[in-house]
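This report concerns only the one structure given below.
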Amino acid sequence: MENQTLLLLITFMSATILIFIVRNKKSTKLPPGPHPLPIIGNILELGKNPHKSLTKLSKIYGPIMTLKLGTRTTIVISSPQVAKQVLQENSQVFSSRSIPHAGYALDHDKFSLAWLPALDLWKKLRKICATKVFSTKMLDSTKFLRQQKLQELLNYVNEKSKKGEAFDIGEAVFTTVLNSISNTLFSIDLAHSIDGQESQEFKKIIWGIMEEAGKPNVSDLFPILRPFDLQSVYAKVTNYVKKIYDIFDEIIEKRISSRSTKADSEDACNDVLDSLLKSNNIGETTLELSRNEMVHLFMDLFIAGIDTTAGTIEWILAELLRNPAKLTKAKKELCQEIGKDETIEESHIFKLPFLQAIVKETLRLHPAAPLLLPHKCDENVKILGFNIPKNAQVLVNVWAMGRDSTIWENSNMFIPERFLECDISYKGNNFELIPFGASKRICPGLPLAHRTVHLIVASLLRSFEWTLADGQNPEDMNMEETFGLTLKKVQSLRVQVASSA
């Protein structure tokens, strides 16, 4: 009897232990992924173009997979369905950011919309962006400033046309976008001429930040090594950020001094900076920003907006020059919808469905941020039956989703017409096209980017006839990308133009 009792007890304990082991194994079941090497994990799998490498891996391991990048567990999402579960259905759990070492430069992580957790300061900054920076009222009130910068671009291109000179359209557009955004924010040019050294210097600063912050950094793979900054990424980004900080702080100081000397502060500039200073002066405590917070907000808007917008415009022009029939169709729409002597304005965008389709198709093929900014999982959660552990880094591969042949017919081809047949937008509701992100973390600058891209492209197409420089054939164009936080063309787009009749 005692032996039977003992046997039953042993059997019960063994079964209990087995159940515990099985349950524990299930609870720690990560999404599938390539087997990691000791210490370095899957670092070697990334290559020079991580967005492309991760796309290939997703075809093997599925739309949600796990990689070990150094000591960091990274979950990669590569389908709209899973992206919706992560970014929308579990938005609170995944609303935080995995901050790269470069993000801590000058304490930017403590003030940045990009890196802050979705708590009080972040909510205040988002509200300010919605009401004081990118509201329809503010953008309408500053559109004449952007129109002036566009006219300077058209004048520059016209001069090149008269001289028969080839030129780098990406450089010219970069300066225009830089001055357009700086005028929207401050009513001043931060690059004084399209082909001047000032433009080169600002491009060096902005692209330097994007390039350094976007490259694989051993300090991100092994955070214990951050104090040593082995690749000097943190030091380089800090140097760039300090330059921009000092410029913006001086602009704010001058504006405050200017406002204080005026009898009526209503005479101040009607721009974003003035709107923020007015909020502070009239005691809108829910929206009031300290000077330091203001500078960091401007850095976010400036850094995130210029290179991404200018790069998108360059990709659009590259795709149109590579597909002359689409270029002709776009010009025909412009001629039919807008009078020959009528100035193209932001309000005309709704009349140009094919141009809107061109922009969508370009963002599908060439999203400015192919992996978006990294999210972080704030607590253990299950997605598709897999466990996503707390503190895991989460990457959303929008580049892969844009090239997915199960979603898009002829997925690698430039076919804007596909968007004339469906009601898909890039404003965060259609997860097959989320180049600006979605839900809580969608890019706050989307309204300005939407206006700027369409206005510049429409004006350039309507005013000039475009050809590739140096007799290059469209089919021979180099459309390769270089990876950073944004996707850039490896070979800049050189063009020649003639004035449209």
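Here are some notes:
- Compared with the dominant principal axis of the Cα atoms in the chain, helix 2-27 is inclined by about 10°.
- With all protein chains in place and a 1.4 Å probe, the accessible surface of the stretch 104-217 carries 52 percent carbon and sulfur.
- Difference of contour (0.36 nm per residue) and Cα-Cα distance, S232 to E480: 86.5 nm
- Counting only alpha carbon atoms, the long axis of helix 291-322 and the longest principal axis of the chain meet at about 80°.
- Once the 1.4 Å probe is applied to the protein heavy atoms, the stretch 416-455 comes out at 37 Å² accessible per residue.
- Cα pair distances in the stretch 95-187, grouped into 10 Å bins until the bin that holds the longest one, percent each: 14, 28, 28, 20, 9, 1
- A 1.4 Å probe over all protein chains sorts W466, W207 by accessible area into W207, W466, starting with the largest.
- Solvent exposure of F354, expressed as accessible area, is near 10 Å², computed with a probe of 1.4 Å over the protein chains only.
- Bridges between two residues of the chain, per DSSP, are antiparallel at a rate of about 85%.
- Using a probe radius of 1.4 angstrom, the carbon and sulfur fraction of the accessible surface of the stretch 227-353 is 53%.
- Helical runs assigned H by DSSP (4 residues or longer) give the chain a calculated mean residue ellipticity at 222 nm of -15500 deg cm²/dmol, each run adding -39500 (n - 2.57) before division by the residue total.
- Helix 233-261 axis, angle to the chain major axis (alpha carbon atoms, nearest 10°): 50
- Annotation for the stretch 466-501 versus the stretch 198-262: alpha-carbon center distance of 29 Å.
- Rolling a 1.4 Å probe over the heavy atoms of the protein chains gives the stretch 305-383 an accessible area of 37 Å² per residue.
- Note on F483: accessible area is roughly 40 Å² with a 1.4 Å probe, heavy atoms of protein only.
- Cα-centre dipole for the chain with unit charges at Cβ (Lys and Arg positive, Asp and Glu negative), debye to 20: 1440
- Over the stretch 337-481 - Rg/Rh using Cα atoms and the Kirkwood inverse-distance radius: 1.04
- Kirkwood hydrodynamic radius of the stretch 26-173, Cα pairs, Å: 20.1
- By accessible area with a 1.4 Å probe, ligands and nucleic acids excluded, highest first: order of F222, F302: F222, F302
- Using every pair of distinct Cα positions in the stretch 276-365, the Kirkwood expression returns a hydrodynamic radius of 16.4 angstrom.
- In plain terms, the bigger the Kirkwood radius, the slower the diffusion; for the stretch 316-373, with that radius from Cα pairs, at 4 °C and 1.567 mPa s, Stokes-Einstein puts D at 102 µm²/s.
- Whole-percent carbon and sulfur share, accessible surface of the stretch 374-501, 1.4 Å: 46
- Computed over the stretch 298-342, the alpha-carbon pair-distance distribution with 5 angstrom bins reads 5, 18, 16, 14, 18, 12, 11, 6, 0, each value a whole percent.
- Solvent-accessible area of W315 with every protein chain in place, 1.4 Å probe, in Å² to the nearest 10: 0
- Spin-label model, L30/K254: points 7 Å from Cα along the beta carbon direction are separated by 5.2 nm.
- Using the Cβ-Cβ distance between S290 and I424 with R0 set to 35 Å, the FRET efficiency from 1/(1 + (r/R0)^6) comes to roughly 0.30.
- Comparing V177, V396, W122 along the charge dipole axis of the chain, the residue lying farthest to the positive side is V396, per the Cβ-charge model.
- The GluC sites (Glu not before Pro) of the stretch 122-196 that DSSP puts in a loop, and whose beta carbon has at most 13 other beta carbons within 10 Å, are E165.
- Computed over the chain, the ratio Rg/Rh where both radii use C-alpha atoms and Rh is Kirkwood: 1.03
- Taking all protein chains together and a 1.4 Å probe, the residues K332, K160, K48 rank K48, K332, K160 from largest to smallest accessible area.
The values are calculated or read from the model by the stated rules, or taken from the named source; none is laboratory data. Just so it is clear, the model here is predicted, and its values are computed rather than measured. When we count neighbours, we look across all protein chains shown, and the Cβ atoms used for this are built from the backbone with ideal geometry, even at glycine. Calculation scope for accessible area: heavy atoms of the full protein, side chains included, ligands and nucleic acids excluded. Shrake-Rupley method; radii C 1.70, N 1.55, O 1.52, S 1.80 Å.
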